[in-house]
């Protein structure tokens with residue numbers, strides 16, 4: 001699932017860049033986004049979160065904008081894409097994420113030894129997504145593990161996603 005999200009994000013970036021050039025040449029040229037995605041959603045996903053989000057460690061930097069069903073991502077640029085990565089939305093931290101190489105996982109690496117909530121938070125639930133082909137930033141097969149501090153129903157509505165369902169383009 002995460003692979004599809006990141007691939008769509010990168011494709012949309014390329015499409016927006018290409019359409020910006022076309023618009024410069026022809027103002028009437030419409031943009032071509034994945035079906036169901038709007039320019040407003042793309043802009044939201046490309047606008048990074050606050051530089052100093054409340055509750056996120058001060059040395060971390062925003063990565064990506066507001067991703068529907070997930071919120072904003074923060075990480076140490078020196079260790080990206082490895083963890084931990086923290087999520088933030090609506091003024092508070094919402095998850096801790098780590099990514100584990102599939103071969104290391106198969107050899108017995110346990111995610112529960114690496115995954116910790118931020119101080120003052122506890123995990124509500126964990127989503128584990130297998131990324132068979134990897135994704136931009138981590139092209140090897142791996143697992144994306146999001147440990148959420150909030151209920152599933154709540155984060156599914158983040159970033160202008162009132163239906164609570166995964167957008168068709170993800």
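If you plug the beta carbon distance of residue 133 and residue 52 into 1/(1 + (r/R0)^6) with R0 = 22 Å, you get a FRET efficiency near 0.05.
So for each of 93-106, 46-59 I average, over its residues, the number of other beta carbons within 10 Å; can you give me the resulting order with the highest mean first? Please list the in-between numbers first.
Numbers: 93-106: 18.9, 46-59: 13.9.
Taking the mean over residues of other Cβ atoms within 10 Å, the ranking is 93-106, 46-59.
Extension gain, residue 40-residue 114: 0.36 nm per intervening residue step, less the Cα-Cα distance, totals 23.0 nm. For the peptides 154-160, 129-135, residues were scored by their other Cβ atoms within 10 Å and the scores averaged per peptide; the highest-first order is 154-160, 129-135. Label point of residue 154 set 7 angstrom out along Cα-Cβ; within the range 76-101, amide nitrogens under 20 Å from it belong to 85-98. Diagonalising the gyration tensor over the Cα atoms of the range 52-102 and scaling each eigenvalue by 5 before taking the square root yields semi-axes of 17, 13, 9 Å, largest first.
What translational diffusion coefficient, in µm²/s and rounded to a whole number, does the Stokes-Einstein relation yield for the range 29-168 at 10 °C and a viscosity of 1.306 mPa s, taking the hydrodynamic radius as the Kirkwood radius over Cα pairs? Could the numbers behind the result be given before it?
Working: Rh = 15.9 Å.
Estimated diffusion coefficient is 100 µm²/s.
All of the numbers you see were taken from the coordinates with simple rules; none came from a lab. Bear in mind the structure is a predicted one, so any value in this text is a computation, not a measurement. Virtual Cβ from ideal backbone geometry, glycine too; neighbours counted across all protein chains shown.
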